[in-house]
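The values are calculated or read from the model by the stated rules, or taken from the named source; none is laboratory data. Please read these numbers as outputs of a predicted model, since none were measured by experiment. As a convention, Cβ positions derive from the backbone with ideal geometry for all residues, glycine included, and neighbour counts pool all protein chains shown. Only protein heavy atoms, including side chains, enter the accessible area calculation; ligands, DNA and RNA are left aside. Shrake-Rupley method; radii C 1.70, N 1.55, O 1.52, S 1.80 Å.
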Amino acid sequence: RRFASGTAVPQVTLDLAKRFHCSCLDLDKVKVKFDDFDLDKSGYIDHYEFEKMLYQLLKCSSQSDFPKARLQRFWNEADKNGDGQIDFEEFLEWYMKYFGTTYENGPMDAFYASFMPVLQRSNSFGELKSHECCLQSIHVR
């Protein structure tokens, strides 16, 4: 495969795109996001950067908008190997799960669907509004 410019697409890119069921273009977009969220340009996202990233992605106006327990749940899920930092492959898997899927009302539907299996199975997220009261009572252990 080749880019429009005629240069070959690296095999690692093709392999990741295939593994995570996305296009090379989508993979490149996620890599740009990863690089933007990697504030210290270490090649990894640390806990501080992850917290800032979530607040930005979820459009939180303050830290109190997002419970610390839920933040920790997402951190534990994203940092698969538990080494205290998230590499690109870990980020790609986590990001595609919550923000890379196309939902009728955008990434927020994917995010909230992760807490509500009935919404994950639904073809129409119109029922999200009827379940909003439930979102207030979701607790992460």
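Brief remarks follow.
- Complete set of residues in the range 59-103 that are within 14 Å of residue 37 (Cβ to Cβ) and assigned to a helix (DSSP H, G or I): 74, 75, 78, 88, 90, 91, 92, 94, 95, 98
- Some residue of the range 72-95 being open to solvent by 20 Å² or more (accessible area, probe 1.4 Å), among the basic types (Lys, Arg) and either at pLDDT below 60 or over 24 Å from residue 27 (Cβ atoms) (or both): yes
- Hits in the range 1-27 (condition: open to solvent by 90 Å² or more (accessible area, probe 1.4 Å), modelled with pLDDT under 80 and not polar (S, T, N, Q)): 1, 2, 3, 4
- Leading residue by the ranking (modelled with the highest pLDDT) among those in the range 35-51 that are within 17 Å of residue 67 (Cβ to Cβ) and surrounded by 16 or more Cβ atoms within 10 Å (Cβ to Cβ): 50
- The criterion of being of a type in the set (A, V, I, L, M), open to solvent by less than 30 Å² (accessible area, probe 1.4 Å) and in a helix (DSSP H, G or I) holds for residue 54.
- Restricting 16, 57, 25 to those that are of a type outside the set (Ser, Thr, Tyr) and touching a Pro at 6+ places or on another chain (Cβ under 8 Å) reduces the list to 57.
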